[in-house]
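Report on the following structure.
The values are calculated or read from the model by the stated rules, or taken from the named source; none is laboratory data. Nothing here was measured: the structure is a model prediction, and the numbers come from that model. Note that we place each Cβ from the backbone using ideal geometry, even for glycine, and neighbour counts take in every protein chain shown.
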Amino acid sequence: MTSLFDPAVFGKIALSNRLVMAPMTRNRARPGGEATELMAEYYAQRATAGLIITEGTQPSAVGQGFLDTPGMYTPEHVTAWRAVTDRVHAEGGRIVVQLMHAGRIGHPLLYADGHRSVAPSAITPAGQTFTPEGPKDYLEPRALTLAEITATIEDYAASARAAVEAGFDGVQIHAGNGFLPHQFLARNTNRRTDGYGGTVENRVRFTLEVVEAVAATIGNERTALRISPANPFNDIAEGDSEAIYSKLVPALPNLAFLETCEIVARPLTTLVRQLWKGNLIVNPHSAPDAFPASVAAGQEVLDAGLADAVSLGALFLANPDLPARVHAGGPYTAADEATFYGGDHRGFTDYPRLAG
C-alpha cells in the first residue's frame, strides 16, 4: 500500500513525500506581475510539501486573467521568481510553476494597453472579474488567428525557458478550469471551423501542441499538465468529456506528471488513470460535499491505485506544515476564505505551525 509519506521521483523531480501543494491563485503579485518577498515567504513556509505547484502564472501579457497575478515572460519576472525558488530550495523543497493563459477570462481594465482578451472563438463568458474599478462583466473576446495560435504556443515555450532560468524544478501547463487550453477543448467555447475546432481530434490539438513545445524546450522530464475533466468553472460546458480525454490523454508524450483536478467526476478520474501510464496526481473531490479536498480523500485515491500522489489546496493554504500535521493526525487550521484573494500577510503568511 502506498503511503502519503513514501518518496517518489516524477521525471527529474524528487518528491520527499506524496503530499503536493495544489496551485491556488492568491493575487498578491506586484502590478507588473513580479513575485514579492511575501510570496517567497509563503512558498518557503510550505517547502515540506513533496512538491509545490505555484499559483497560475501568465506566460504573456495577453494571458493575464485576474488582478495582481504573477507573470513569467520578462527578465524582471525571472529575477523576482528566483528569490522564491531559492527560498524553497534552501528549505529542501521542490517547486514547479503553473503556466496559466486565461484566454477569454479577463478584462481590458486589467491591462496597461487595454487589450481585448483572446479565445478560440468570440463567445462571451458569463460572470464578472474584479478590476481596479471594481467588478465588471466579462466582454466578448477576440478569436485568435492561426498566426496568433502559433505565437501563443511559442509564448508558452519561452515562458517555460524563463521558468527554468528562474530556478523552477519544472513547469505545469494549466489545461483546466476554463482557461485557454480548456476553452479549445470544450464544445461551448470552441466553434472554430479550421484545424483547431470541430472534431475532438481538432479540439485537443492546441493543448497537445503547447505540451509538445514546452517539452521540446525544457525536457519532458520537467514538463507537466493539469486537466479538470467536466469542470464547469468559468462557464465551460465540454459536452463530450469522455471523448475529449480519451483522445487527449493517450496522445500526450511522456511527462514528469499529469495532474487531474476531480470535480465530482470519479468515473473520469478512473478513465484518466486507465489511459495514463505515467505519474498521476489527483486533486480529489469525489462528491459535492468533498470540498475542500481532505487528507482522507487523498489516502483513498492512493489506496485505490487511482493516483501516485495527491494535491491538496485549502489544507496547505491554512497549514504551512501540513505533512507534520498529517503525521501527527492533526489538528488542522481552517482556511479564512475572506483572505484568499489579494491583501497583505493576513491569511497568507500568518497561519500557525504546530506548537513544539
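Side notes on the structure shown:
- Scan of segment 247-267 for residues that are within 22 Å of A186 (Cβ to Cβ), surrounded by fewer than 21 Cβ atoms within 10 Å (Cβ to Cβ), touching a helix residue (DSSP H, G or I) at 6+ places or on another chain (Cβ under 7 Å) and not charged (D, E, K, R), ordered by number: P250, A251
- Segment 112-136, subset part of a loop (DSSP other than H, G, I, E, B) and in contact (Cβ under 8 Å) with a residue 60 or more places away in the chain, residue surrounded by the fewest Cβ atoms within 10 Å (Cβ to Cβ): A126
- Among residues of segment 309-320 that are part of a loop (DSSP other than H, G, I, E, B), those with a Cβ under 7 angstrom from a residue that is at pLDDT 95 or above and among the basic types (K, R), sequence gap 6+ or separate chain, pair up as N319/R325; P320/R46; P320/R353.
- Summed over segment 78-112, the residues that are within 15 Å of V164 (Cα to Cα) and under 18 Å from the mean Cα position of the chain (by Cα) give a count of 9.
- Of the candidates L99, L139, L109, L144, the single residue that is without any contact (Cβ under 8 Å) to a residue 40 or more places away in the chain and closer than 26 Å to E212 by Cα is L144.
- For first residues located in segment 1-19 and closer than 15 Å to D303 by Cβ, partners that are part of a loop (DSSP other than H, G, I, E, B) and among the acidic types (D, E) and lie 6+ apart or on another chain with Cβ distances below 9 Å form the pairs T2/D308; R18/D6; R18/D308.
- Here the condition is being β-branched (V, I, T), over 24 Å from A22 (Cα atoms) and either more than 21 Å from the chain's Cα centre (by Cα) or assigned to a strand (DSSP E or B) (or both); of T150, T189, it holds for T150 alone.
- Test: residue in segment 32-50 that is modelled with pLDDT of 95 or more, within 15 Å of V171 (Cβ to Cβ) and part of a loop (DSSP other than H, G, I, E, B): no
- One residue from E34, E41 being among the acidic types (D, E) and under 19 Å from the mean Cα position of the chain (by Cα): E34
- Taken over segment 268-292, the criterion of being surrounded by fewer than 18 Cβ atoms within 10 Å (Cβ to Cβ), out of contact with any helix residue (DSSP H, G or I) (no Cβ under 8 Å at 6 or more places or on another chain) and part of a loop (DSSP other than H, G, I, E, B) is satisfied by K277, G278, A287, P288, D289, F291.
- Of everything in segment 208-263 that is among the small types (G, A, S) and not in a helix (DSSP H, G or I), the residue that is modelled with the lowest pLDDT is G239.
- Checking P331 against (1) free of Cβ contacts under 8 Å to residues at least 12 places away in the same chain; (2) within 21 Å of R26 (Cα to Cα); (3) in a loop (DSSP other than H, G, I, E, B); (4) not polar (S, T, N, Q), the condition it does not meet: (2)
- Subset of segment 329-348 [surrounded by 12 or more Cβ atoms within 10 Å (Cβ to Cβ) and within 22 Å of N17 (Cβ to Cβ)]: Y332, T333, A335
- The listed residues are T54, T79, and the only one of them that is outside any loop (DSSP other than H, G, I, E, B), among the polar types (S, T, N, Q) and either in contact with a helix residue (DSSP H, G or I) (Cβ under 6 Å, 6 or more places away or on another chain) or surrounded by fewer than 24 Cβ atoms within 10 Å (Cβ to Cβ) (or both) turns out to be T79.
- In segment 192-238, the residue that is farthest from the chain's Cα centre (by Cα) out of those that are of a type in the set (S, T, Y) and more than 23 Å from V96 (Cα to Cα) is T193.
- In segment 339-354 there is at least one residue matching the filter, namely being in contact with a helix residue (DSSP H, G or I) (Cβ under 8 Å, 6 or more places away or on another chain), modelled with pLDDT under 95 and not aromatic (F, W, Y).
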